[in-house]
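Here the structure comes first, spelled out in structure tokens, and everything after it is commentary.
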Amino acid sequence: MTPSKWIDISQPLTNDMANFPGDTPFSYSLTYTKEETGSVNIGQMTTSLHMGTHVDAPFHYDSNGKTLDKLDLDLYIGKAKVIDVSDVDTITKDTLESFNLDNVTRVLIRTSLPNNPKHFPDKMPELDPTIAAHLHEKGVQLIGVDIPSVDSADSKELETHHALYKHGIFILENLMLDHVKSGNYELIALPLAIKGADGCPVRAVIRPID
């Protein structure tokens, strides 16, 4: 039996993609062309570490938290469950209780926000901090969302970030899930080994499993 193909659920990094308000936009350009070097093209990029599909290291919102290079890679490889909560604008504990998350380590949440990497949303679906205790009780260690942040863009308290952190749940943001059906998948979303970093873009892919 031929294995299912991998599905890309990451945002392409492009020079016209939207960035978090006030953050460093993504930019790619050639530093040297093949004509200039005589042998190769050499590119460079400038970017916030929270552009596109990315992971948050705890150091992002806790100065004493783990940096990117200290994270357990097993978090970002393995079985994941995609659930669709696009019928609500606020995701609460009650919302998640309607799904069977028993023995689910990684949950990827499709919200009501359409995927549009070139536009930063004026308003995002909200994740109530109470989901953290519920997810922890089910054994979830990684939450992925198809929105730029698990908290509102203007939040200073970052209550959902901290609630998830308190319950040992790590964060993957800005997934592309509009073309993905609910169900069980294999996930690969490895962060780069950037020493001391607060996060970084990832290439997130999934493959259906029985």
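The values are calculated or read from the model by the stated rules, or taken from the named source; none is laboratory data. Quick caveat: nothing in here was measured; it's all calculated off a predicted structure. When we count neighbours, we look across all protein chains shown, and the Cβ atoms used for this are built from the backbone with ideal geometry, even at glycine.
Consider only pairs whose beta carbons are under 7 Å apart and that are at least six residues apart or on different chains; among these, list those whose first residue lies in the range 148-170 and is over 15 Å from residue 90 (Cβ atoms) and whose second residue is assigned to a loop (DSSP other than H, G, I, E, B) and of a type in the set (Asp, Glu).
Pairs found: 158/151; 161/151; 165/62.
Just to be sure, is residue 56 modelled with pLDDT of 95 or more and touching a strand residue (DSSP E or B) at 6+ places or on another chain (Cβ under 8 Å)?
Criteria met by residue 56.
Tell me which residues, restricted to the range 115-153, are within 22 Å of residue 189 (Cβ to Cβ) and either at pLDDT below 95 or in a helix (DSSP H, G or I) (or both).
Passing the criteria: 131, 132, 135, 136, 138.
Of a type in the set (S, T, N, Q), over 23 Å from residue 197 (Cα atoms), touching a residue at least 60 places away in the same chain (Cβ under 8 Å) and assigned to a loop (DSSP other than H, G, I, E, B), is that true of residue 86?
no
Given the conditions (1) buried (at least 16 other Cβ atoms within 10 Å of the Cβ); (2) among the charged types (D, E, K, R); (3) within 16 Å of the chain's Cα centre (by Cα), report the number of the one that residue 128 does not fulfil.
All conditions pass for residue 128, except number (3).
Mind counting the residues in the range 131-174 that are on the phi > 0 side of the Ramachandran plot and in contact with a helix residue (DSSP H, G or I) (Cβ under 7 Å, 6 or more places away or on another chain)?
Residues that pass the stated criteria total 1.
Out of the residues in the range 131-179 that are in contact with a Gly (Cβ under 8 Å, 6 or more places away or on another chain) and closer than 14 Å to residue 101 by Cα, which is surrounded by the fewest Cβ atoms within 10 Å (Cβ to Cβ)?
My answer is 136.
Just for the range 1-55: of the residues that are acidic (Asp, Glu) and exposed (fewer than 11 other Cβ atoms within 10 Å of the Cβ), which one is nearest to residue 207 (Cα to Cα)?
16
Is it fair to say residue 63 is closer than 16 Å to residue 196 by Cβ and not in a helix (DSSP H, G or I)?
So residue 63 fits the description; yes.
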